[in-house]
Amino acid sequence: MKSNGQEARIAVVTGGARGIGAAIAARLRADGFRVASLDLIEPERRREGVVDFACDITDEAAVSAAVADARAGGRIEALVHCAAYQVIAPFDELESAVWDRTFDVNVRGGFNLVRAVLPDMRAAGRGRIVMITSSSQFTPPPRMTHYIASKGALTGLVRGLATELGPAGITVNAVAPGLTATEHALADVPQQHFEAVRSRQAIPRTGRPEDIAAAVAFAVSDDAGFMTGQTLLIDGGEGRI
């Protein structure tokens with residue numbers, strides 16, 4: 001698909017069907033990107049300017065195929081890895097399969113995606129990569145050690161890639177959300193936990209998906225061209241880095 005005779009600017013967003021990922025997809029679409037959303041879950045409705053791909057991001061071949069379809073008629077300028085696997089469990093009761101799945105989705109998924117989009121970005125001499133990590137790295141709650149470890153690995157990936165890809169004009173950053181009022185969180189997180197988190201924040205309201213999307217929109221913009229290897233902590237001031 002082309003717009004006004006120009007190649008479409010494409011942003012690949014994982015986990016784009018719901019929650020924070022859906023808010024990111026909507027914001028980037030509003031900012032002029034054509035968005036390719038890669039998710040195992042179908043969106044609740046069809047969205048103008050967003051092409052939905054059913055894709056298991058742990059499958060390297062499936063990611064490559066989805067990215068090849070996504071780039072038709074345009075060039076991939078941005079990648080936002082938002083999809084995540086999260087199961088809450090005490091560490092000494094954690095099943096190895098849960099540990100493996102957490103790292104497969106959160107970390108191996110990021111690896112597969114970056115490898116798939118790099119040819120476009122290198123050819124263009126420009127690109128924006130954003131990994132959605134977590135404020136839990138800085139204010140770690142109990143029963144999430146495996147999840148925190150996976151997000152820490154993503155942060156390491158961001159820092160290493162920033163060094164390797166900077167000379168190619170590609171920036172790599174992380175956005176770390178605090179507790180956010182997504183459908184999933186509102187259904188699964190007790191209200192008293194939301195209240196406890198708000199009491200520790202400098203800004204005493206619960207974060208919204210749009211708050212995270214705004215930070216991502218900056219990280220993929222031209223204005224962020226001199227920022228790389230960084231983590232933007234979007235948690236209302238609960239943590240300080």
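The values are calculated or read from the model by the stated rules, or taken from the named source; none is laboratory data. As the structure is a computational prediction, the values presented were derived from the model and not from experiment. Neighbour counts run over all protein chains shown; Cβ positions are idealised from the backbone, glycine included.
Restricting Glu238, Glu210, Glu164 to residues that are of a type in the set (Asp, Glu), modelled with pLDDT of 95 or more and assigned to a loop (DSSP other than H, G, I, E, B) narrows the list to Glu238.
Within the bounds of the range 105-118, is there any residue that is over 17 Å from the mean Cα position of the chain (by Cα) and of a type in the set (D, E, K, R)?
Within the range 105-118, none of the residues are over 17 Å from the mean Cα position of the chain (by Cα) and of a type in the set (D, E, K, R).
Would you check if there is a residue in the range 22-29 being more than 22 Å from Ala181 (Cβ to Cβ) and among the basic types (Lys, Arg)? Among the residues of the range 22-29, not one is more than 22 Å from Ala181 (Cβ to Cβ) and among the basic types (Lys, Arg), which makes the answer no. For Cys55, the conditions (1) at pLDDT 95 or above; (2) surrounded by fewer than 18 Cβ atoms within 10 Å (Cβ to Cβ); (3) not aliphatic (A, V, I, L, M) all hold with the exception of (2). Output yes when any residue across the range 139-153 is in contact (Cβ under 8 Å) with a residue 12 or more places away in the chain, buried (at least 23 other Cβ atoms within 10 Å of the Cβ) and of a type in the set (Lys, Arg), and no when none is. So far as the range 139-153 goes, yes, one or more of its residues are in contact (Cβ under 8 Å) with a residue 12 or more places away in the chain, buried (at least 23 other Cβ atoms within 10 Å of the Cβ) and of a type in the set (Lys, Arg).
Restricting Val87, Val35, Val13 to those that are surrounded by fewer than 22 Cβ atoms within 10 Å (Cβ to Cβ) and touching a helix residue (DSSP H, G or I) at 6+ places or on another chain (Cβ under 6 Å) reduces the list to Val87.
Name every residue in the range 182-202 that is part of a loop (DSSP other than H, G, I, E, B) and either under 25 Å from Gly15 (Cβ atoms) or under 22 Å from the mean Cα position of the chain (by Cα) (or both), in order of residue number.
Correct list: Thr182, Val189, Pro190, Gln201.
Counting just the residues of the range 124-136 that are part of a helix (DSSP H, G or I) and touching a residue at least 40 places away in the same chain (Cβ under 8 Å), which one comes out surrounded by the fewest Cβ atoms within 10 Å (Cβ to Cβ)? Of everything passing the filter in the range 124-136, Ala124 is surrounded by the fewest Cβ atoms within 10 Å (Cβ to Cβ). Select from the range 213-222 the residues that are assigned to a loop (DSSP other than H, G, I, E, B) and surrounded by 17 or more Cβ atoms within 10 Å (Cβ to Cβ) and list them in ascending order. Hit for the range 213-222 is Val220, nothing else. Here Ile88 passes the criteria (1) under 29 Å from Gly169 (Cα atoms); (2) touching a residue at least 40 places away in the same chain (Cβ under 8 Å); (3) part of a loop (DSSP other than H, G, I, E, B) except the one numbered (1).
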